[in-house]
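Single-structure report; data block below.
The values are calculated or read from the model by the stated rules, or taken from the named source; none is laboratory data. Small disclaimer: the values here were computed from a predicted structure and weren't measured. In this analysis, Cβ positions are derived from the backbone assuming ideal geometry, glycine residues included, and neighbour counts consider all displayed protein chains. Note: areas computed on protein heavy atoms with side chains; ligands, DNA, RNA excluded. Shrake-Rupley method; radii C 1.70, N 1.55, O 1.52, S 1.80 Å.
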Amino acid sequence: MNIKVLAVIQTIGIFASAVVAAFAIDYLTNHLDTETLKYMFGGAVSGALAYLVYQLCLTRLQIQDSFKSAIQNLDSK
């Protein structure tokens, strides 16, 4: 697929997801009370922070593994 066509498809997807997210937020704010929204937001933030810590640990371990294999390749030569 041509890279320009792929860029257009991705751009349309980004705008479509923004519109869907706006409608979802509007629906949730109109149909849920403030306390429920606070708990949902807190859960989402906690999940995002947990995912961030996971990604940091994974990246650190991948870098350590990469350094180990690079050092082993140097030692074997």
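Right, LEU49: surrounded by 10 or more Cβ atoms within 10 Å (Cβ to Cβ) and within 15 Å of the chain's Cα centre (by Cα) or not? So LEU49 fits the description; yes. Looking at LEU56, LEU37 in this structure, which one is out of contact with any helix residue (DSSP H, G or I) (no Cβ under 6 Å at 6 or more places or on another chain), in a helix (DSSP H, G or I) and open to solvent by 80 Å² or more (accessible area, probe 1.4 Å)? Of LEU56, LEU37, the one residue that is out of contact with any helix residue (DSSP H, G or I) (no Cβ under 6 Å at 6 or more places or on another chain), in a helix (DSSP H, G or I) and open to solvent by 80 Å² or more (accessible area, probe 1.4 Å) is LEU56.
Picking from residues in the stretch 7-21 that are over 16 Å from the mean Cα position of the chain (by Cα) and among the polar types (S, T, N, Q), the one that is most open to solvent (accessible area, probe 1.4 Å) is GLN10. Filtering the stretch 1-34 to residues that are charged (D, E, K, R) and either in contact (Cβ under 8 Å) with a residue 40 or more places away in the chain or assigned to a helix (DSSP H, G or I) (or both) leaves LYS4, ASP26. For the stretch 22-34, the tally of residues that are open to solvent by 70 Å² or more (accessible area, probe 1.4 Å) and aliphatic (A, V, I, L, M) stands at 1.
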